[in-house]
Amino acid sequence: MRTVVSVYRPAAKALRIIVVVKVSEIGEFGLIERLAAKVAQTPGKDLIVGIGDDAAVWRAGDRAIIATTDTLVEGVHFLPSVPPRDVGWKSLAVNVSDIAAMGGCPTFALVTLALPSDSEVTELEEMYSGLRLCADAYGVEVVGGDVVSAPQVSITVALMGEAVIHSGEPLLLRRDAARPGDVIAVTGTLGGSAGGLRRLQDGATADEPLARVHLQPEPPLETGATAIEAGIVCAIDVSDGLLRDIG
């Protein structure tokens with residue numbers, strides 16, 4: 001239910017009504033739309049893709065830079081019982097997936113780690129070992145980041161990448177390139193991550209095959225590049241379910 005706050009201003013002889021809207025009422029996409037409106041500016045000449053796609057893209061000389069970021073929060077995006085190495089892998093993999101969905105190649109990553117002061121150092125080292133394994137698998141260099149104090153563990157990765165340039169123009173897979181009547185195709189098997197999470201919640205071990213799909217996703221980076229070569233112009237990283245994302 002919305003909270004209505006009434007403010008009476010005698011000098012103005014008027015009643016001002018303020019409606020307090022909760023995030024739960026407008027949802028994630030509604031919130032993004034409202035926040036984006038607050039920072040909206042006239043796009044600069046170097047901006048190619050702004051808010052609204054899997055990643056932002058801008059020109060840097062004769063190159064096109066792709067940038068994305070994602071956060072994993074303990075208790076929200078991963079269970080406390082999940083092996084730290086898997087958390088590290090997934091924190092980078094979900095960002096690589098965004099770059100892949102744009103048809104680009106990932107390059108450099110910055111990592112921000114938020115954690116309680118009583119966190120075990122060996123577990124954090126394991127987390128970063130998993131992150132390094134993913135970085136090696138996809139040709140990413142981790143070049144910096146930040147460590148801050150927080151009541152629960154979270155890891156945020158900001159990942160940069162590059163788009164293929166052809167005749168001076170970047171080749172990109174863009175959401176806004178979709179048109180009515182387009183054929184919808186997917187890579188991999190839908191629902192695997194959600195199924196793996198359900199199994200873990202039911203007490204399955206982290207080495208169960210379906211749990212591995214959830215804990216250690218493998219973004220189809222080469223598929224994005226192949227789609228670009230085939231002349232496909234639209235793609236999206238499916239993270240909220242096919243029906244919701246194709247909307």
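The values are calculated or read from the model by the stated rules, or taken from the named source; none is laboratory data. Nothing here was measured: the structure is a model prediction, and the numbers come from that model. All Cβ positions, glycine included, derive from the backbone under ideal geometry; neighbour counts span all protein chains shown. Heads up: the accessible areas ignore ligands, DNA and RNA and are worked out on the full protein's heavy atoms, side chains in. Shrake-Rupley method; radii C 1.70, N 1.55, O 1.52, S 1.80 Å.
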Failed criterion for GLY139 (all others in (1) of a type outside the set (Lys, Arg); (2) at negative phi; (3) touching a residue at least 24 places away in the same chain (Cβ under 8 Å) hold): (2)
Segments classed as strands (runs of 3 or more DSSP E), wholly inside segment 47-107, with at least 2 members that are not β-branched (Val, Ile, Thr): 56-60, 63-73
Neighbours by Cβ (under 7 Å, 6+ apart or cross-chain): first from segment 170-190, modelled with pLDDT of 90 or more; second open to solvent by 70 Å² or more (accessible area, probe 1.4 Å) and part of a loop (DSSP other than H, G, I, E, B): LEU173/ILE232; LEU173/VAL233; ARG174/VAL233; ALA177/VAL233; ILE184/ILE246
Cross-chain or 6+ apart pairs with Cβ under 6 Å, segment 150-168 first and within 13 Å of LEU72 (Cα to Cα), then open to solvent by less than 60 Å² (accessible area, probe 1.4 Å) and of a type in the set (A, V, I, L, M): VAL153/LEU115; SER154/VAL73; SER154/ALA114; ILE155/LEU72; ILE155/LEU113; VAL157/LEU92; VAL157/ALA109; VAL157/VAL111
Odd one out for PRO151 among (1) open to solvent by 80 Å² or more (accessible area, probe 1.4 Å); (2) part of a helix (DSSP H, G or I): (2)
Selected residue (criterion: modelled with the lowest pLDDT) from residues of segment 1-21 that are surrounded by fewer than 10 Cβ atoms within 10 Å (Cβ to Cβ) and outside any strand (DSSP E or B): MET1
Subset of segment 68-87 that is of a type in the set (Val, Ile, Thr) and open to solvent by less than 50 Å² (accessible area, probe 1.4 Å) - its residue that is farthest from PRO209 (Cα to Cα): THR68
Given (1) under 15 Å from the mean Cα position of the chain (by Cα); (2) surrounded by fewer than 24 Cβ atoms within 10 Å (Cβ to Cβ), number of the condition GLU123 does not satisfy: (1)
All positions within segment 88-110 that are over 19 Å from VAL213 (Cα atoms), among the β-branched types (Val, Ile, Thr) and crowded, with 22+ Cβ neighbours inside 10 Å: ILE99
